[in-house]
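The values are calculated or read from the model by the stated rules, or taken from the named source; none is laboratory data. Nothing here was measured: the structure is a model prediction, and the numbers come from that model. As a convention, Cβ positions derive from the backbone with ideal geometry for all residues, glycine included, and neighbour counts pool all protein chains shown.
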Amino acid sequence: MAENTTLRQAIRSFIKGELNNVELYLKEGTISDVNEAAKTVTFTPIDGAPIEDVLINPTLNGTLGLNIIPKDGSTGVIGFKDEIQAFLLGCDEIEKVLLTVGNSTLEVTDGLFEFNGGSNDGMVLITPLTVDLNALVGEINTELGKISAAIAGLGGVYTVNPVSSFNKSNYENTEITQ
């Protein structure tokens, strides 16, 4: 037992020295007052008073990269960089996920994946679109056949060149699927 305590103390001393005398520790508790714009929450540890302005992203500004917005009232874990600054490290319920890479953004909420603000509307359901387009091709080819028959009935000649069917592999982007 004494050997374990001595080893534990040695490891702590080494880590504390490597981190320039910064001691890291974790707390479990409840998340409230989620402020998505400020990227902060209020965190109430199981064993203590509420801690305000806990950053949801363990970066200095919390604006770029990956931001996991917790659900108000969820349980989470925070870590401390020092006795003043706390960061949310995880939570059991997520309201939304925001991912920013350069000028590209992805926002994920329950039932919705929104790319770059969603200004280009929804993604195409490729198989139903191809079925509908090919049904339209069939109708056009039928009408062209009727036109050809009518022209022939008047003594003229019209050779139908049928409209080709659509193949989804010609316009499908297989790098993004749904």
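With respect to the numbered conditions (1) at pLDDT 90 or above; (2) assigned to a strand (DSSP E or B); (3) more than 12 Å from residue 40 (Cα to Cα), which one is the sole condition not fulfilled by residue 69? Status for residue 69: all satisfied but (3). The residues on offer are 96, 81, and the sole one that is within 27 Å of residue 26 (Cα to Cα) and under 18 Å from the mean Cα position of the chain (by Cα) is 96.
Is at least one residue of the stretch 10-28 at pLDDT 90 or above and under 19 Å from residue 109 (Cβ atoms)? No, the stretch 10-28 contains no residue that is at pLDDT 90 or above and under 19 Å from residue 109 (Cβ atoms). Considering the stretch 132-178, and only residues there that are of a type in the set (S, T, N, Q) and within 30 Å of residue 115 (Cα to Cα), the residue that is modelled with the lowest pLDDT turns out to be 178.
Just so you know, in the stretch 80-91 the residues that are surrounded by 14 or more Cβ atoms within 10 Å (Cβ to Cβ) and either part of a loop (DSSP other than H, G, I, E, B) or touching a Ser or Thr at 6+ places or on another chain (Cβ under 7 Å) (or both) include one that is modelled with the lowest pLDDT, and it is 81.
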